[in-house]
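The values are calculated or read from the model by the stated rules, or taken from the named source; none is laboratory data. Owing to the predicted nature of the structure, the values given are computational and were not obtained by experimental measurement. Neighbour counts run over all protein chains shown; Cβ positions are idealised from the backbone, glycine included. Areas reflect the complete protein model, heavy atoms only, side chains present, ligands, DNA and RNA absent. Shrake-Rupley method; radii C 1.70, N 1.55, O 1.52, S 1.80 Å.
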Amino acid sequence: MVNMEAEKESGASHNIPLGTLCGVGAGALWGLIFLAPELVRDFTPLQLAIGRYLAYGGMASVMIIPRWKILRFHLKKQDWQALFRLSLFGNTLYYILLSTAIQKGGIALTSLVIGFLPVVVTIIGSREKGAVSLAMLLPSLLLCIAGGVCIAWQAVAAPGATSQSGMGLLWAIAALASWTTYAVGNSRSLSRLNTVSVHDWNLLMGLVTGAQAVLLIPAALLSGHLHHGVEQWMRIGVVSIAVAITASLFGNALWNRMSRLLPLTMTGQMILFETLFALIYGSFWEKRWPRPLEATAFILIVFSVMTCVSVHRKHDFKRQNTKLYPREKGA
């Protein structure tokens, strides 16, 4: 059953409408993680990551039990190595960096920096065989770069900017680099796997991430910051479980599904939706409208993604027509 499901998924051709819909869903759920550090500011980013991923790992280990006997025969050493790397860069390290950026620079700044991911992933993806050329993607990339300039200006040079904002920007850039590594590696891993479904891959990643969280517990104990009341510990427990369910289980499942439906050059563009929902949630939390530079940055990124989607649809249409009506030799 696992083989048949995985082969069907891995062999599926690109489906841009369905893949985009999965990207929207993942973004809506992932946007919630930007609120978590604000809800439990008394705890360190390391503690937040441990809490979230202990919950994620615990739930994944329970859910994977019925499928474990089958799955273990289909996983090779390189698959476990990939799971470790992806769990580290896409979950453990990323969430520590992200939480630090949010606590220092705020939700809006951090979410907009993460929204810059399309540029990096698109450049990497344009080198894939059969991918849309970088020249065709240039308008989209220029729009996204302009959005990134607005974000940087808001963080370090705009009125009201502080040294904390500048530090928040640096932490957010580090989180961006970590998540870029995950986005590219995860997309490539899913494209080569033909024995594991996206659902099982998500559970396996939860298992590995949970193990990493356990290994980090001694570091959290040695770092201190453990003097909290019962109510505060209960709050971080509730927040950790809620984020694990919404973002790690359901959000990751939608993202993995999307990664098999869209080309790599378009995968990074879907992070826009996380940026959109994070900005919406952050504005509600801070009880304010987006600042002019924030709004400008977001509009530029939206147009960047729309341009990218249009180029990919034309590219896929042209490629399909070429297969259906190949030109004759000498024509």
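Please verify whether Leu75 is under 18 Å from Ala174 (Cβ atoms) and of a type outside the set (Ser, Thr, Tyr), treating the condition exactly as stated.
Working: under 18 Å from Ala174 (Cβ atoms): no; of a type outside the set (Ser, Thr, Tyr): yes.
No, not satisfied.
Looking at Ile217, is it more than 18 Å from the chain's Cα centre (by Cα) and touching a residue at least 24 places away in the same chain (Cβ under 8 Å)? Judged against the criteria, Ile217 is a match.
Conditions (1) surrounded by fewer than 22 Cβ atoms within 10 Å (Cβ to Cβ); (2) of a type in the set (A, V, I, L, M); (3) in a helix (DSSP H, G or I); (4) touching a Ser or Thr at 6+ places or on another chain (Cβ under 8 Å), marked per residue:
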position: Ser259; (1), (2), (3), (4): no, no, yes, yes
position: Thr275; (1), (2), (3), (4): no, no, yes, yes
position: Ala278; (1), (2), (3), (4): no, yes, yes, yes
position: Arg288; (1), (2), (3), (4): yes, no, no, no
position: Leu293; (1), (2), (3), (4): yes, yes, yes, no
position: Ala297; (1), (2), (3), (4): no, yes, yes, no
position: Ile301; (1), (2), (3), (4): no, yes, yes, yes
position: Ser310; (1), (2), (3), (4): yes, no, yes, no
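Of the residues Ala183, Ala146, Ala177, Ala172, the single one that is modelled with pLDDT of 80 or more, of a type in the set (Gly, Ala, Ser) and either open to solvent by 40 Å² or more (accessible area, probe 1.4 Å) or outside any helix (DSSP H, G or I) (or both) is Ala177.
Checked against (1) touching a helix residue (DSSP H, G or I) at 6+ places or on another chain (Cβ under 8 Å); (2) closer than 21 Å to Leu88 by Cα; (3) modelled with pLDDT of 90 or more, Gly237 passes all but condition (2). Here is the figure for the stretch 76-116: residues that are crowded, with 17+ Cβ neighbours inside 10 Å, out of contact with any Leu (no Cβ under 7 Å at 6 or more places or on another chain) and in a loop (DSSP other than H, G, I, E, B) total 1.
Scanning the stretch 226-279 for residues that are without any contact (Cβ under 8 Å) to a residue 24 or more places away in the chain and among the acidic types (Asp, Glu) gives a single hit, Glu231.
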